[in-house]
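In what follows, a structure is listed as structure tokens, so that the remarks can point back to it.
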Amino acid sequence: MSLLAGVVGVQGDVSEHRVAFERAGDALGFEVETVAVRDSGTVPDCDVIALPGGESTTISRLLRREGIDDEIREHVEAGKPTLATCAGLIVLDHPDDERVKSLGVLDVRVERNAFGGQRESFEADIAVEGLDEPFHAVFIRAPVVESVGEDVEVLAEFDGKVVAVRQDNVIGTAFHPELTHDHRLHELLLGGLDKDD
Amino acid sequence: MGDKEAGTDLESLKRGTELVKRGFASMQKGGVIMDVVNAEQARIAEDTGAVAVMALESVPADIRKRGGVARMAPVETNEEILDEVSIPAMGKVRIGHEAEARILESIGMDMIDESEVLTPADEWNHIDKRDFETPFVCGARDLGEALRRIDEGAAMIRTKGEAGTGDVAEAVRHQKAIKGAIRELEGMNTEERRNYAREIEAPLPLVEEAAELGRLPVVNFAAGGIATPADAALMMRLGCDGIFVGSGIFGAEDPESMGRAIVEAVNSYDDPDELKEISKNVGGGMKGRSKDSLSEEEQLQYRGN
């Protein structure tokens, strides 16, 4: 029996997440199939999903149009593993920004473009809770988590700002683990699943 | 995560690397980048779902009508548009005009388009884009041109098409030329690839990389003449990663409806029933003119090498 990993694919760096899930599966000895989710009806079949980087304004609009937003909400609320990176994190947070129709399933408030524009984008090594070695993180016009709710654990900070969080089975990062060859966060997510289910 | 560790983190910080520049381009995939000439249009573009806006003094169709030398848009125009939106704002510079590019970088534009739509400043040389922290996008008509631009540091390639015409034919031709050449490469041995690299005047390592990947090594958008949701869907079917729309949005009768429809068409490009619904009630597209009605001199795609 193989696992189905759905990467929300209405816009953003979708293929990078699919490759990362495949590599993480190989590392764990799991058979992982991946699918890009561009309309409704697929998320309910997925064991794990990822919301990629991209533009949160565009992604949230298309999710609503395609009726994928409710399916993601149900997936998260059912406690199924979810990885949300950058724009994905913004899409899941509490609605604060009128330009983004976010889902409000993650108890955090996120500030968009918190470091500035592309000129201020960067890569750096950061310590992540639960990983032995530092993670080489790529921040692209990245957001930061301004405040977290009671049930949210902070996984990583950079320069005093929260850049990775965990709430139940949802991991949210301000950076892009899918842009490097380090797939430990994807492994962390898959590792919680019993492959013989 | 004490202070000591935070200090170490900051020391490892690097900006403007290839990874950071190409990473930015990857975030645009599956999206529509719209030409805008002022803050009001930029706001409309963001509201219709654009992933980024491209700041211009006037859209390509108007540049054509006006004639004369077309240059980088005024600093004020770039700044006004950058300040208006929360999505990325890009700007255009003339081919080979490093000083215009330095100005856009200083303004903080998120990406620079070294564009044949403007009058070239250097007949022979394109900008050395590796020397910038800001990522660049460049146009290409074929694989050789695309790989030369990547070699110079472009983080994204777009078809040149024939801008400002509303005629998608040239964009189709350029995308098919790029894909076709890569398919040819895939069937070649090392020796043949070396000869091919010489023939198309592209560096061998990039030729090898394209052959291994079965695609360009950077994000590949469509541009030039895209005017309807169906045009956008066509280019996505040809393997493009996303779409630039120039005069097609604000040259249309109803820019908001057209913008929204093109954004939706890029996501639903392979679903004919949905495309049919999306294509309803968008109003008339830009008037346009067939590229065959232009002399070779009037065509912008032959600018640059």
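Rule-based calculations on the coordinates, nothing more; no lab input. Note that the coordinates shown come from a computational prediction; the quantities given were computed from them, not determined experimentally. Note that we place each Cβ from the backbone using ideal geometry, even for glycine, and neighbour counts take in every protein chain shown.
Every helix of 4 or more DSSP H residues in chain A counts as -39500 (n - 2.57), and over all residues that averages to -7500 deg cm²/dmol at 222 nm. Dipole magnitude for the protein assembly as shown: computed about the Cα centre from +1 point charges on Lys and Arg Cβ and -1 point charges on Asp and Glu Cβ, it is near 1800 debye. Taking packing as the residue-averaged number of other Cβ atoms within 10 angstrom, the listed peptides A:123-130, B:185-192, B:160-167, B:120-127 run from highest to lowest as B:160-167, A:123-130, B:120-127, B:185-192.
With a 10 Å Cβ neighbour count serving as the proxy for reagent exposure, in which order, fewest first, do B:D110, B:D273 appear?
Least crowded to most crowded, the residues run B:D273, B:D110.
In peptide A:122-131, how many Cβ atoms from other protein chains are near each Cβ within 10 Å, on average? Could the numbers behind the result be given before it?
Numbers: counts 10, 9, 8, 6, 6, 6, 1, 1, 0, 0.
The shielding value for this peptide is 5.
Could you work out the relative contact order of the stretch A:2-190? I mean the mean sequence separation of Cα pairs under 8 Å and 6+ apart, divided by the number of residues, in percent. Computed value for the stretch A:2-190: 21 percent relative contact order.
Long hydrophobic helices in chain A, taken as whole DSSP H segments with a C-alpha length of 20 Å or more on their own axis and mean Kyte-Doolittle hydropathy at least -1.0: A:14-28. Amide H contacts of A:V170: A:T82, each under 5 Å away and 5 or more positions distant or on a separate chain (H built 1.01 Å from N in the peptide plane; Pro and chain starts excluded).
So which GluC sites (Glu not before Pro) in the stretch A:29-121 are both in a DSSP loop and have at most 10 other Cβ atoms within 10 Å of their Cβ?
On the way: sites: A:E31, A:E33, A:E55, A:E66, A:E71, A:E74, A:E77, A:E98, A:E111, A:E120; in loops: A:E31, A:E55, A:E98.
Passing sites in the stretch A:29-121 are A:E98.
Run the dipole for the stretch A:2-190 about the Cα centre, Lys and Arg Cβ at +1, Asp and Glu Cβ at -1, nothing else charged, and hand back the magnitude in debye, nearest 20. Don't jump to the answer; show the numbers that get you there.
Values: 17 positive and 38 negative charges, 137 e Å.
Approximately 660 debye in magnitude.
The three principal axes of the C-alpha atoms in the stretch A:2-190 carry coordinate ranges of 39, 39, 33 Å, sorted with the longest axis first.
Computed about the Cα centre, the dipole magnitude for the stretch B:122-172 is approximately 180 debye when only Lys and Arg (+1) and Asp and Glu (-1) carry charge, each at its Cβ.
If you take every DSSP beta bridge whose two residues both sit in the stretch A:2-190, what share of them, in percent to the nearest 5, is antiparallel?
Details: 19 of 35 bridges.
Among the beta bridges of the stretch A:2-190, antiparallel pairing accounts for roughly 55 percent.
Peptide A:6-15 shows a mean partner chain C-beta count of 5 within 10 Å per residue C-beta.
Sorting B:L56, B:L82, A:L62 on the 10 Å Cβ count, fewest up front, what's the list? Write out the running numbers ahead of the final one.
Values: B:L56 29, B:L82 22, A:L62 26.
Fewest-to-most Cβ neighbours within 10 Å comes out as B:L82, A:L62, B:L56.
Kirkwood analysis of the protein assembly as shown, using all unique Cα-Cα pairs, places the hydrodynamic radius at 23.0 Å. Here the sum of -39500 (n - 2.57) over DSSP H runs of 4 or more residues, divided by the residues of chain B, equals -13000 deg cm²/dmol at 222 nm, to the nearest 500.
Each peptide among B:67-79, B:286-298, B:85-97 gets the average number of other Cβ atoms lying within 10 Å of its residues, and from highest to lowest they stand as B:85-97, B:67-79, B:286-298.
The modelled label-to-label distance for the pair B:E208/B:D62, using points 7 Å beyond Cα in the direction of Cβ, is 4.9 nm. For the stretch B:178-219, relative contact order (Cα pairs under 8 Å, six or more residues apart, normalised by length) works out to 44 percent.
In whole percent, what relative contact order does chain B give with Cα contacts below 8 Å and a gap of six or more residues? Computed over chain B, the figure is 19 percent.
The ellipsoid that matches the Cα gyration tensor of chain B has semi-axes, each √(5λ) in whole angstrom, of 28, 25, 21, with the longest given first.
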